[in-house]
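Undergrad: What follows is a single structure, and I will ask about it in a moment.
Every number in this text was worked out from the coordinates using simple rules, so none of it is lab data. It should be emphasised that the depicted structure is a prediction, and the values quoted were computed from it without experimental measurement. Cβ sites come from the backbone with ideal geometry, for glycine too, and all protein chains shown count toward neighbours.
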Amino acid sequence: MFPNENPPKGGFITLCWLVTLSNNKHMSFETVRREYYNVYFYRVNNNPVILFDGVCNLCTGSVQFILKRDKEKKFLFASLQSSYGQDLLKQLDLPADTFNSFILYESGKVFTRSTAALKMFSQLKGWGWVKIFWIVPKFIRDAVYNLIAKNRYRWFGKKEECWLPTPDLKARFLD
């Protein structure tokens, strides 16, 4: 419909109007909604997107760690609290008010917790060795992940506001 383009100005309502005009037929609300999100999330961002808790010191430190090692600039980032993060969470029927998971959104698929971390690390040069952790059962990996996530504010602290990237890194962040 709008391949490799941003959603039209005016958002969803404008898109409904354009879809109706371009197809010259009636489309259900759900079909139009799916097309809008298809354009907005899937085609606009061909890169994997990492969603993170923007006020968590551990999470923002992890993003900075990834940024330093992602020489190919493969990953894009968005805080879970950002409009992009909130929209994506709603579209994927994930809780939009619980920020306890690292989320990797890649090729229309969502990966969370330890699976997201392992998939992300396996794409960073020099970190392929983490693939060894795939042999650990998911319930054990996620139990360790959940323990750290539950205590992350206590152990690493929390910011009052989301961390903001420097101007040269801003292009890698979705708002």
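Undergrad: Does the stretch 126-134 contain at least one residue that is within 19 Å of VAL49 (Cβ to Cβ) and small (Gly, Ala, Ser)?
TA: The answer is no, given that none of the residues of the stretch 126-134 is within 19 Å of VAL49 (Cβ to Cβ) and small (Gly, Ala, Ser).
Undergrad: When the residues of the stretch 102-140 are filtered to those that are part of a strand (DSSP E or B) and touching a helix residue (DSSP H, G or I) at 6+ places or on another chain (Cβ under 8 Å), which remaining residue is surrounded by the most Cβ atoms within 10 Å (Cβ to Cβ)?
TA: If we take residues in the stretch 102-140 being part of a strand (DSSP E or B) and touching a helix residue (DSSP H, G or I) at 6+ places or on another chain (Cβ under 8 Å), then TYR105 is surrounded by the most Cβ atoms within 10 Å (Cβ to Cβ).
Undergrad: I'd like to verify a number: residues in the stretch 120-143 that are of a type outside the set (D, E, K, R) and over 20 Å from VAL63 (Cβ atoms), how many?
TA: Selection size over the stretch 120-143: 11.
Undergrad: Right, next: In the stretch 74-92, is there at least one residue being more than 15 Å from ASN47 (Cα to Cα), in a loop (DSSP other than H, G, I, E, B) and of a type in the set (S, T, N, Q)?
TA: yes
Undergrad: I've got another one for you. Quickly run through the stretch 83-101 and pick out the residues that are surrounded by fewer than 18 Cβ atoms within 10 Å (Cβ to Cβ), in contact (Cβ under 8 Å) with a residue 24 or more places away in the chain and out of contact with any helix residue (DSSP H, G or I) (no Cβ under 9 Å at 6 or more places or on another chain).
TA: SER83
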